[in-house]
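Peer 1: One structure coming up, written as structure tokens, with questions to follow.
The values are calculated or read from the model by the stated rules, or taken from the named source; none is laboratory data. Keep in mind it's a predicted model, so treat the numbers as computed, not measured. Glycine also receives a Cβ, built like all others from the backbone with ideal geometry; neighbour counts cover every protein chain displayed. Keep in mind that these areas ignore ligands, DNA and RNA; they rest on the heavy atoms of the full protein, side chains included. Shrake-Rupley method; radii C 1.70, N 1.55, O 1.52, S 1.80 Å.
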Amino acid sequence: EEAEAKVEVPAAFKGKTNPFANNADAAAKGKEVYSTNCASCHGETGKGDGPAGASLDPHPGNLVEAKAKGEDYLFWRISEGGMAAPFNSSMPAWKDVLSEDEIWQVVTHIQTFK
């Protein structure tokens, strides 16, 4: 957690804005993608408590907390994954699996978490 708090969003991602912000249709599409690809580790409500994530070290991130870091941060982490330092997590990069629009739809869904 300590290292993650100091991480800067890389220049290639910094300041990116969600083209689907507050779009209910995009959030619904994002929920489908999230349920298929993310919920097993991050949990249905994003608290990092999915069944497949229980055995991972470090545990999957709490997305309710992560969303406070901004949409550019979320887009970056979903695109690039977390296998590199300082995260050293099991999260795969999704940029070759999901389109940019799909990633933004997932971000839109994550932003609905409470």
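Peer 1: Using only protein heavy atoms and a 1.4 Å probe, report how much of residue 110 is accessible, in Å² to the nearest 10.
Peer 2: 0 Å²
Peer 1: So what are the ³J(HN,Hα) numbers for the range 77-82, from phi and the Karplus equation (6.51, -1.76, 1.60; θ = phi - 60°), rounded to whole Hz, Gly and Pro as x?
Peer 2: Ordered by residue, 3J(HN,Hα) equals 5, 5, 4, 9, x, x Hz.
Peer 1: With every protein chain kept in place and ligands, DNA and RNA left out, what is the accessible area per residue of the range 5-114? Probe 1.4 Å, answer in Å².
Peer 2: 55 Å²
Peer 1: Please find, in a Gaussian network model of the chain (springs between Cα atoms separated by less than 10 Å), the residue of 97, 64, 33 whose mean-square fluctuation is greatest.
Peer 2: Of the options given, 97 has the highest mean-square fluctuation.
Peer 1: Further, regarding this structure: I need the phi-derived Karplus couplings for the range 43-51: 6.51 cos²θ - 1.76 cosθ + 1.60, θ = phi - 60°, integer Hz, Gly and Pro marked x.
Peer 2: Taking θ as phi minus 60°, the curve returns x, 4, 9, x, 8, x, 10, x, x Hz for the range 43-51.
Peer 1: Let me ask something else about it. When only the heavy atoms of the protein chains count and the probe is 1.4 Å, how do 101, 57 rank by accessible area, highest first?
Peer 2: These residues rank, largest area first, as 57, 101.
Peer 1: Something else: Which one is right for this structure if Rg/Rh (Cα atoms, Kirkwood Rh) is calculated from it: (i) 0.93; (ii) 0.96; (iii) 1.09?
Peer 2: From the options (i) 0.93; (ii) 0.96; (iii) 1.09, the structure gives (i).
Peer 1: Identify the GluC sites (Glu not before Pro) of the range 29-107 meeting these criteria: DSSP loop state and at most 16 other C-beta atoms within 10 Å of the C-beta.
Peer 2: Within the range 29-107, the qualifying GluC sites (Glu not before Pro) (loop, at most 16 other Cβ atoms within 10 Å) are 44.
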